[in-house]
Structure formats: structure tokens, C-alpha cells
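Worksheet: the structure to be examined is printed underneath.
No value in this document is a laboratory result; all are computed from the given coordinates. Treat the numbers as computed from the prediction; the structure is a model and nothing was measured. Here the Cβ positions follow ideal geometry from the backbone for every residue, glycine too, while neighbour counts run over all protein chains shown.
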Ligand SMILES: NC(=O)c1ccc[n+]([C@@H]2O[C@H](COP(=O)([O-])OP(=O)(O)OC[C@H]3O[C@@H](n4cnc5c(N)ncnc54)[C@H](OP(=O)(O)O)[C@@H]3O)[C@@H](O)[C@H]2O)c1
């Protein structure tokens with residue numbers, strides 16, 4: 001039976017990136033909808049549920065994407081709500097690649113660091129979708145996480161959102177200028193840059209002098225890079241006593257994870273792949289690595 005992926009994208013144009021990866025991961029056909037809102041969800045999901053018998057429903061799956069993470073979360077909640085009894089299909093949420101990117105970064109950090117329990121982690125510009133997901137997952141794994149923002153209200157709003165979503169206690173700090181970085185990084189074991197593309201967030205001198213720092217991860221692939229001195233292809237090499245990862249150093253695993261998750265959707269009809277479940281898939285992939 002053909003594997004059908006229903007792509008529900010909150011942005012006007014359904015993501016071509018998500019389509020290409022889904023085909024590469026084994027979907028036979030992708031039915032794409034853009035500009036999807038909450039009021040569209042029920043009928044679109046019913047279209048999946050009532051067309052194939054329950055035992056064949058694992059061959060239909062739903063992908064939720066788009067640039068807006070909050071919209072994606074709402075669409076996911078409504079899609080789950082529309083299902084009942086055996087009438088279910090597996091779903092995955094990865095608005096703007098935020099879940100797979102954050103999980104890939106967290107897994108790389110935990111591979112290099114070991115357990116993050118009680119380690120101080122600073123997520124630079126952790127107010128965006130990727131930073132929020134990474135902060136929540138690391139805090140869930142026991143790290144003492146601080147997210148930074150240029151604006152106190154924005155940082156506080158993101159902090160509250162992360163704490164509620166992941167049932168954790170992250171802190172937020174205002175970082176209006178890189179000169180404030182050394183204070184924010186005091187005692188940190190991990191620096192994770194989740195700042196917007198093309199923005200340098202940490203000059204070299206701000207992180208190389210931090211004696212406690214073990215790992216620095218930059219998710220920005222667009223020059224100027226986010227952490228000066230960390231190159232896009234760095235994948236765990238040591239620089240100034242710190243294991244460093246650039247955007248492609250994380251991104252290669254992210255792509256592998258993204259494909260593995262899509263393939264996983266078609267193995268059963270009751271999966272909901274959000275951050276935590278995607279992290280489980282990532283850990284299984286790591287465990288299988290030679
Ligand atoms: N490697 C991969 O596979 C992959 C995949 C997806 C995304 N990414 C990268 O991951 C990073 C995070 O993605 P995202 O979508 O979460 O980011 P985002 O929402 O675009 O930006 C994250 C935060 O950056 C801060 N920011 C925006 N403009 C800024 C500026 N001019 N100066 C300083 N800070 C600024 C904002 O925080 P405040 O306003 O609170 O300060 C914003 O909330 C990006 O660099 C993205 O390109 C990588």
C-alpha cells in the first residue's frame with residue numbers, strides 16, 4: 001500500500017525542504033496544504049481516518065510544519081483531538097525544523113558532555129523555536145538552563161512558555177550587548193547559540209576565556225556565524241579546550257534524524273512525534289552507531 005504523507009503547513013507555501021526530505025525518507029506521495037489554520041484541521045484529518053481501514057492506517061501519516069511554532073503546536077493539538085478509537089494516524093510536528101534541530105543539538109551536547117545534570121547551560125537567543133525546544137529538553141535532562149534575550153519581556157515570556165511546556169525551571173537573562181556575555185557565561189559548561197541566521201552572537205574572546213566551558217554549539221550556518229571561532233563544519237573538535245560544533249556539525253545528524261522520524265511514522269498508526277518522542281528516536285539512532 002502506498003505511503004501517503006499529509007503535509008499541513010501553517011505558512012502560505014508548504015515547505016519544499018520538508019517535501020524533499022519526506023520523499024527521501026520513503027513517502028510515496030505527499031499531499032501538501034499551505035496556510036492551514038485550526039478550522040481546517042478536523043476535515044483534513046477525517047480525510048485520512050475514514051479512507052483506509054484501521055489496519056492500513058499506518059500507511060497514512062501527518063506532518064505539521066510552517067515557520068510559526070505556536071501555530072504548529074495548536075494544529076498538532078487539534079489533529080490529535082480529532083482522532084478516536086482505532087481511527088488514528090501517526091503525526092509529527094517540526095515547525096521550521098525546530099524539533100529535529102534542537103534534538104540533534106541536545107544529543108550532540110550529551111554525547112560530548114555526558115549527563116547534563118546540574119551543569120550550567122546558556123542558550124543564546126533562546127527565545128526562538130529552536131532555542132526554546134533545546135532549552136526545554138536540556139532542562140528536562142537535569143541541566144541548569146538560562147536562555148538569553150535582548151528584551152526582558154520576551155525572555156520572560158519564552159521562559160514561562162518553556163517551563164510550562166516541559167515542566168521545568170529554566171531562567172532567562174537579558175543580553176542586550178555581547179559585552180555582557182562573560183557574566184552570563186560565568187560557570188557555564190555549555191554554550192548553545194540559537195540566535196537568528198546571520199547574526200554573530202558571541203565574539204571569540206567572550207567564550208575562549210570561560211574556564212568552565214566544555215562545549216560550544218552554533219546553529220547558525222549563515223555568515224557571519226553565531227560564535228566567532230566555531231566553523232560550520234566543526235563536529236566536536238577541540239578549540240581552546242572546548243569541544244565545538246557548527247551548524248553542519250549538528251545539521252548532518254538532524255537530517256538523518258528527520259528522515260528516521262518520517263520512516264518511523266509509517267510503522268504504526270498511533271505515534272505523536274513532538275520534541276520528547278523525537279529525542280527518543282535520536283537516542284536510538286545514536287545507540288545503533290558503531
Ligand atoms: N543547522 C540546522 O539544521 C538548522 C535548522 C533550523 C534552524 N537553524 C538555525 O538555528 C537558529 C535558531 O533558529 P530559530 O528559527 O529558532 O531562530 P529565530 O527564531 O530566527 O531567532 C532566534 C532569536 O534570535 C534573536 N535575534 C533575532 N534577530 C537578532 C539580532 N539582529 N540580533 C540579536 N539577536 C537576534 C531573537 O531573540 P530576542 O529577540 O529574544 O533577542 C530570536 O528570538 C538559526 O540560526 C537558524 O538558522 C539551523
* Once both labels are modelled 7 Å past Cα along the beta-carbon direction, what's the residue 20-residue 38 spacing in nm? -> 3.4
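On full extension of the chain, what length is gained from residue 248 through residue 13, given 0.36 nm per residue of separation minus the C-alpha to C-alpha distance? Please report the intermediate quantities before stating the final value.
Values: separation 235, 0.36 × 235 = 84.60 nm, distance 2.55 nm.
Net length gain for the segment: 82.1 nm.
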* Asked: Rg to Rh for the stretch 47-95: what is it, with Cα atoms only and Rh by Kirkwood?
  -> 1.01
* If each of residue 267 and residue 284 carries a label point 7 Å out from its Cα toward its Cβ, how far apart are those two points in nm? -> 0.3
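Which order do the peptides 53-60, 256-263 come out in when sorted by mean C-beta neighbours inside 10 angstrom, highest first? List each step's numbers first, then the result.
Working: 53-60: 15.4, 256-263: 20.5.
Descending packing order for the listed peptides: 256-263, 53-60.
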* Nearest 10 degrees, 0 to 90: helix 275-288 Cα axis against the chain principal axis -> 80
* Asked: Comparing 128, 47, 136, which has the greatest mean-square fluctuation in the GNM of the chain with Cα pairs linked when under 10 Å apart?
  -> 47
* To the nearest 10 degrees, how steep is helix 152-166 against the longest Cα principal axis of the chain, on a 0 to 90 scale? -> 50
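What FRET efficiency, computed as 1/(1 + (r/R0)^6) with R0 = 25 Å and r the Cβ-Cβ distance, is obtained for residue 28 and residue 77, rounded to the nearest 0.05?
The computed FRET efficiency comes out at 0.35.
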* Based on the Cβ-Cβ distance of residue 154 and residue 52, what FRET efficiency does E = 1/(1 + (r/R0)^6) give at R0 = 41 Å, to the nearest 0.05? -> 0.40
* Please determine, in degrees from 0 to 90 and to the nearest 10, the orientation of helix 129-140 with respect to the longest principal axis defined by the Cα atoms of the chain, where the helix direction is its Cα long axis. => 80
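At a 10 angstrom cut-off on C-beta neighbours, averaged per residue, how do the peptides 28-34, 227-233 rank from highest to lowest? Don't skip to the end; give the middle numbers.
On the way: 28-34: 15.0, 227-233: 19.9.
Descending packing order for the listed peptides: 227-233, 28-34.
For the chain, what does -39500 (n - 2.57) per DSSP helix run (n ≥ 4), summed and divided by total residues, give at 222 nm, in deg cm²/dmol to the nearest 500?
Working: 10 runs with 120 residues, N = 290.
Computed mean residue ellipticity for the chain: -13000 deg cm²/dmol.
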* To do: Over the stretch 55-112, calculate the relative contact order: mean separation of alpha carbon pairs under 8 Å at least 6 apart, over the residue count, as a percent.
  => 43
* Length released on extending from residue 199 to residue 165, taking residue separation times 0.36 nm less the Cα-Cα span -> 9.5 nm
* Largest-first principal axis extents, alpha carbons of the chain, Å -> 61, 44, 33
* residue 211 label point, 7 Å along Cα→Cβ, cut-off 20 Å on backbone N: hits in the stretch 161-183? -> 181-183
* **Contact order relative to length of the stretch 22-102, as percent, for alpha carbon pairs under 8 angstrom and 6 or more apart** => 34
